[in-house]
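First comes the structure, then the notes that go with it.
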Amino acid sequence: MRAIWKGAVSFGLVSIGVKLYSATEEKDIRFHQVHRADGGRIRYKRTCSVCGEEVTYDDIAKGYDIGGGEMVILTDEDFAELPLTSSHAIDVLEFVPAEQVDPILYNKAYFLAPEGAATKPYVLLRDALLDSERVAIVKVALRQREQLATLRVREGVLLLNTMLWPDEIRQPDFGFLGEDITVRPPELAMASSLIDSMTGDFQPDAFTDDYRAALQEVIDAKVEGREIVAPEEEERAPAAAVDLMAALKASVERARTARGEPAGGREPTPISAARSAQKAAGMKRAEEQKAAKAPAKKAAKKTAEKTEAEKAPARKTAEKKTTGRKTAEKKATEPEKAPAKKAAGARKTTRKTA
């Protein structure tokens, strides 16, 4: 990293030489304006609105508009007389609890590293801040502007957070703030339950910039000459009026399902736990009784099959005897029927002859 500022931290009568480094960097993908036909870069000329001439950097000054078309011009000499240009000190004003600093005031973060022989006083201030569990409120001049800032410790390094001035924070002025809107206790309780179901530990690495990744893929494909295939966007159903409680309940269930919790999401009470244990014991007892009856049923089945097999030959012999008896009776009946048939035939012949 390259130091962007050098100065000293004034801590009482102690002066700690430090270097300032940018602690953050934006990962946004930047583009140039080019001519669509040939890709040439677009250049802008600095021209004067009065005479129309092109102006070089050496002839450019800063002007303050006082209204009515009048302008006050400030030169480099005017700025040189201000104390900020030669001030390279970070003045510690006071130490306050970190929770008293509203996060909306924070602007940009910088690392402070010791310079030269200032390592020991640097470490002394760092350890003292850690022990006090407070942050230092300081003033610093950066980029020709006096800024309020805090000093705190992050990963063993002093971190300077520049802050906005209180008059740079806008006051919220929205119509709904004056409306009398009543939130019912059940709705508030369900919203609190939703917050509880979505509560976790913040892990910044778990989140990604999906848009930047997709844009980088488009650029890489352009460089490689590949065809870009955009994923189909899911059509969202038009928003309809929904019941607030129903939406909250559905959101709670979805959040609990995503976290792997049971659908009900409730902790077992002593009564429900006892019922569950009783039910489990009953199911286990039924399975044991079923397992105990299984061998008896199997033995009874085998005995029945054995008895049936033993009875089969006797039944077969009885069936044979019955069949033989019927055959003998049939043969004994047939000689008696024959004379009767002959007599009946003789009667028919006599009647026909007469």
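Below, the figures for the structure above:
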quantity: Total residues in the stretch 137-166, condition touching a strand residue (DSSP E or B) at 6+ places or on another chain (Cβ under 6 Å), basic (Lys, Arg) and under 20 Å from PHE79 (Cα atoms); calculated: 1
quantity: Qualifying positions in the stretch 196-208 - part of a loop (DSSP other than H, G, I, E, B) and either open to solvent by less than 100 Å² (accessible area, probe 1.4 Å) or among the hydrophobic types (A, V, I, L, M, F, W, C) (or both); calculated: MET198, THR199, GLY200, PHE202, PHE207
quantity: Residue, least open to solvent (accessible area, probe 1.4 Å), within the stretch 209-238, restricted to residues that are modelled with pLDDT of 60 or more and of a type in the set (Gly, Ala, Ser); calculated: ALA221
quantity: Residue count, the stretch 133-158 (criterion: among the aliphatic types (A, V, I, L, M) and surrounded by fewer than 17 Cβ atoms within 10 Å (Cβ to Cβ)); calculated: 2
quantity: Positions within the stretch 97-128 being open to solvent by less than 60 Å² (accessible area, probe 1.4 Å), under 30 Å from GLU26 (Cβ atoms) and within 35 Å of the chain's Cα centre (by Cα), in sequence order; calculated: ALA98, VAL101, LEU105, ALA109, TYR110, PHE111, LEU112
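The values are calculated or read from the model by the stated rules, or taken from the named source; none is laboratory data. Quick caveat, the model's predicted, so the values are computed rather than measured. Ideal geometry is used to build each Cβ from the backbone, glycine not excepted, and the neighbour counts take in all protein chains shown. Please note that ligands, DNA and RNA were not included when accessible areas were found on the heavy atoms of the full protein model with its side chains. Shrake-Rupley method; radii C 1.70, N 1.55, O 1.52, S 1.80 Å.
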